[in-house]
1. Residue 44 fails exactly one of the following numbered conditions: (1) in contact (Cβ under 8 Å) with a residue 24 or more places away in the chain; (2) surrounded by fewer than 16 Cβ atoms within 10 Å (Cβ to Cβ); (3) over 18 Å from residue 161 (Cα atoms); (4) not charged (D, E, K, R). What is the number of that condition?
2. Which of the residues spanning segment 263-294 are in contact with a Cys (Cβ under 8 Å, 6 or more places away or on another chain) and more than 25 Å from residue 304 (Cα to Cα)?
3. Can you tell me how many residues within segment 93-110 are out of contact with any Lys or Arg (no Cβ under 9 Å at 6 or more places or on another chain) and not in a loop (DSSP other than H, G, I, E, B)?
4. Residue check: is residue 304 hydrophobic (A, V, I, L, M, F, W, C), touching a Leu at 6+ places or on another chain (Cβ under 9 Å) and not in a strand (DSSP E or B)?
5. Going through segment 15-41 one residue at a time, which ones are under 19 Å from residue 299 (Cα atoms), surrounded by fewer than 19 Cβ atoms within 10 Å (Cβ to Cβ) and not acidic (Asp, Glu)?
6. Out of 197, 232, 219, which single residue is touching a Phe, Trp or Tyr at 6+ places or on another chain (Cβ under 6 Å), surrounded by 14 or more Cβ atoms within 10 Å (Cβ to Cβ) and modelled with pLDDT of 95 or more?
7. Name the single residue that is surrounded by the fewest Cβ atoms within 10 Å (Cβ to Cβ) among those in segment 53-82 being aliphatic (A, V, I, L, M), more than 23 Å from the chain's Cα centre (by Cα) and not in a loop (DSSP other than H, G, I, E, B).
8. Step by step: first the residues of segment 1-27, then only those that are among the charged types (D, E, K, R) and at pLDDT 95 or above, then the one that is nearest to the chain's Cα centre (by Cα). Which residue is that?
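The values are calculated or read from the model by the stated rules, or taken from the named source; none is laboratory data. Since we're looking at a predicted model, the values are computed, not measured. Glycine also receives a Cβ, built like all others from the backbone with ideal geometry; neighbour counts cover every protein chain displayed.
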Amino acid sequence: MRIGVVGATGEVGRMMLTCLGEQQVEIDELVLFASQKSAGTTVYFQGKKIVVQELTEDKMRHKYDYLLFSAGSTVSKHYAPIASQAGNTVIDNSSAFRQDPRIPLVIPEINGAKLDNYQGIIANPNCSTIQMLLPLYPIHRKNRIKKIIVSTYQSVSGSGNKGIESLLSHDEKTIYPRKINNNVIPLIGTLLPSGYSDEEEKMSFETHKIFNDKNIQISATAVRVPVLYGHSESVYIEMAYSYKLDLIKELLKSSPGVKYLEDDYITPLELGDSNASYVCRLRRGVDDFSLTFWNVANNIRVGAATNAVRILKYLIDRD
């Protein structure tokens, strides 16, 4: 199997390589691509030295079994269609194609069936959306969710290497609109006329698309916090019917990709290399129709690389 990774020297690109190894994807040839600046970098994969190549249009016209993209929306918009037109399957981690109605936006545990009989570009959802929907999906299937109110507490690694440098440097001038050290910034992305940011509106749009339900009311507040890795979310939902809390607990315990902690909680610092979306502090909301919980996951893994590789494995199993 011939697999290519575009953006292989970035934070998520390197994690994609780690996940390919961890999930034991059988690879005959691994081809790595990056910008002209990063071309020539040496990367090790399963003990083998691989030299990163410069990304070019011609190389995207070569034949690959699968291409994993994690190089930003500008790069994806230009190169992913070239690769797709050459007959390649592209799994793209950027926001470039998520809102395109022709392109599936996929969390395999939820809507992997969208990939059946499909070939082309596949969009990987936003990090905060993935970790929230993994635990919400089994609840939604059992008792339709009518409303979601979520506040995210997103780590600086969500901004890539520059975000990490911004936190570690302690400089006043960073990639963020305000200083991030010992601070929280209640705005991620661009502020829109609605008063929401594009990061917040992503969560609404992507939830509607992945759940195939535009009737869910969603209000999101996205906050940047001085944490290196791991996004946290406070999630409140309202459902169509009253429920038994023990049933919700059993649903979460048996859901793939989810770990429910009944008598404990977890912090971003404790996530390590986990590929699970954690649910803790589960409790009733304001009545018998509402529920609230704390949700934590490794954003580079669960919110990006792990989901992309799970998509790839779904495709391999399908084929």
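1. (1)
2. Listed by number, the list holds a single entry, 264.
3. Going through segment 93-110, the residues out of contact with any Lys or Arg (no Cβ under 9 Å at 6 or more places or on another chain) turn out to be 93, 100, 102-103, 110.
Next, from what is left, pick out any that are not in a loop (DSSP other than H, G, I, E, B): 110.
So the answer is 1.
4. Here the answer is no, as residue 304 does not meet what is asked.
5. Hits for segment 15-41 are 18, 21, 23.
6. Unique residue meeting the criteria: 232.
7. 82
8. First, the residues of segment 1-27 that are among the charged types (D, E, K, R): 2, 11, 14, 22, 26.
In the following step, the residues that additionally are at pLDDT 95 or above were identified as 2, 14, 22.
On the way: 2: 24, 14: 15, 22: 18 Å.
The qualifying residue nearest to the chain's Cα centre (by Cα) is 14.
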